[in-house]
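Take a look at the structure below.
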Amino acid sequence: MFSSSLGKKYLMALTGLVLIGFVFVHMAGNLQVLAGQAQINAYAHSLQSLPWFILWGSRLFLLASVVIHAWTAYSLIIENRKARPDKNEVEVTKRAGWTSLKMGLTGSILLAFIVFHLLHFTIRTIYPEYAEMTTTVGSTGDVEIHDAFSMILAGFKHDIISIFYVVAMFLLCRHLAHGFSSVFQSIGLRSEAWQGKLDLIASGYAWLIFAGFSIIPLSVLAQKHGLYEFYDPSFFASEASEKINTSNLLNNES
């Protein structure tokens, strides 16, 4: 039982490290939206143009990491509950700590978010029209490529979706703050001497990830509602036209 649990902890820690590194790389890639349409389109096209065995190999590796991380976490929670069958809920909560208990909840919500994110921007089944967005901006030789920039802006123009993304990123922030530090504890690299510094680094990294992922949906919403202009106004022409039509309609009715 001990060796099995220890093995699962190591497996969860290793997959956690993979995912911690991935969210940073993914965030850095997403932030290229702020550099303009050509930059993010060229970046997205370069990823799509990777040899199939590299592209799909990395995707399957990340998917396997998510599944294994979720399975080991769930398995350890079940084992911990079985190990204390006679403990009441209050005693179990005190032993596990509120943060540890919340890790399971935030992890479950984040797993649902990952599925939604893949269906939204990667597989594009929620809005199939995103697959038809093409442009030559960011391509070489005037070859039409997928317009990732327009797709991202279109996706985050939906208030509910943007709010959902920001809330999910906040949960990811809290999950990372605890998980980052726990990874080093699981593999035996966290000592009392530098536990405080490690927790500080974990918290700083988590908030960096939150800020990096949240700035895009928030900036799109801000421009949509006329609070701040960062992107080319032509990408928001439909919203401006809709507001004018609505205003004219209200004036005519009055």
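For His26, only one of the following conditions fails: (1) of a type outside the set (Ser, Thr, Tyr); (2) open to solvent by 40 Å² or more (accessible area, probe 1.4 Å); (3) at pLDDT below 95. What is its number?
Just one mismatch for His26, condition (3).
Which ones in the stretch 31-46 are in contact (Cβ under 8 Å) with a residue 12 or more places away in the chain and open to solvent by less than 70 Å² (accessible area, probe 1.4 Å)?
Filtering the stretch 31-46 down to residues in contact (Cβ under 8 Å) with a residue 12 or more places away in the chain leaves 31, 33-34, 36-45.
Residues satisfying the conditions are Leu31, Val33, Leu34, Gly36, Gln37, Ala38, Ile40, Asn41, Ala42, Tyr43, Ala44.
In the stretch 138-179, what residues are surrounded by fewer than 20 Cβ atoms within 10 Å (Cβ to Cβ), among the small types (Gly, Ala, Ser) and touching a residue at least 60 places away in the same chain (Cβ under 8 Å)?
Once the filter is applied, which keeps residues that are surrounded by fewer than 20 Cβ atoms within 10 Å (Cβ to Cβ), among the small types (Gly, Ala, Ser) and touching a residue at least 60 places away in the same chain (Cβ under 8 Å), the stretch 138-179 yields Ser139, Ser150.
The values are calculated or read from the model by the stated rules, or taken from the named source; none is laboratory data. Keep in mind it's a predicted model, so treat the numbers as computed, not measured. Positions of Cβ are backbone-derived with ideal geometry, glycine not excepted, and every protein chain shown enters the neighbour counts. Note: areas computed on protein heavy atoms with side chains; ligands, DNA, RNA excluded. Shrake-Rupley method; radii C 1.70, N 1.55, O 1.52, S 1.80 Å.
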